[in-house]
Amino acid sequence: MSQFENVTLVKEANFYFEGNVTSRTVLFADGSKKTLGIMMPGEYTFGTAEAEIMDIQAGEVDVLLPGETDWQTFTKGQTFNVPANASFDIKVKDVTDYCCSYITA
């Protein structure tokens, strides 16, 4: 899906890691939400409250998912899942555009 229809966009941005990661929240009529963002090169650790699906729109990242010992590389068009109440490490190799979908029970 290259665009979202009939959504509400939260105007205020989310800033993480001294502004190296930013996102905007998109709210859907069914109550679901996504964030659209940009990550600058660097290494970050994220925590999750809800399960997430990360969709890489552009760029390249290496990810160490919860419970794993091997890093995995993701590029444009690839996704990875992160469980709720977990943390994951990510190495952003170049400016990366992402879409994060939150999965609620």
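General remarks:
- Length-normalised contact order of the chain in % [C-alpha pairs under 8 Å, at least 6 apart]: 30 percent
- Taking the charge dipole of the stretch 7-103 about its Cα centre, with +1 at Lys and Arg Cβ atoms and -1 at Asp and Glu Cβ atoms, the residue from 65, 22, 40 reaching farthest to the positive side is 22.
- Point-charge dipole on Cβ atoms (K/R +1, D/E -1) for the stretch 48-88, about Cα centre, debye to 20: 60 debye
- Classification of the stretch 22-98 by its C-alpha gyration tensor yields an oblate form. The axis ratio a/c (a ≥ b ≥ c) is 1.5 or more, and b/c is at least a/b.
- Here's how it looks for residue 50: its modeled amide H is under 5 Å from those of 85, which are all 5 or more places away or on a different chain.
- Restricting the stretch 20-79 to chymotrypsin sites (Phe, Trp or Tyr not before Pro) that sit in a DSSP loop and have at most 13 other Cβ atoms within 10 Å of their own Cβ leaves 71.
Read the figures in this text as sums done on the coordinates, not as results from a lab. Since this is a predicted model, take the numbers as computed values, not measurements. Backbone-built Cβ (ideal geometry, glycine too); neighbour counts: all protein chains shown.
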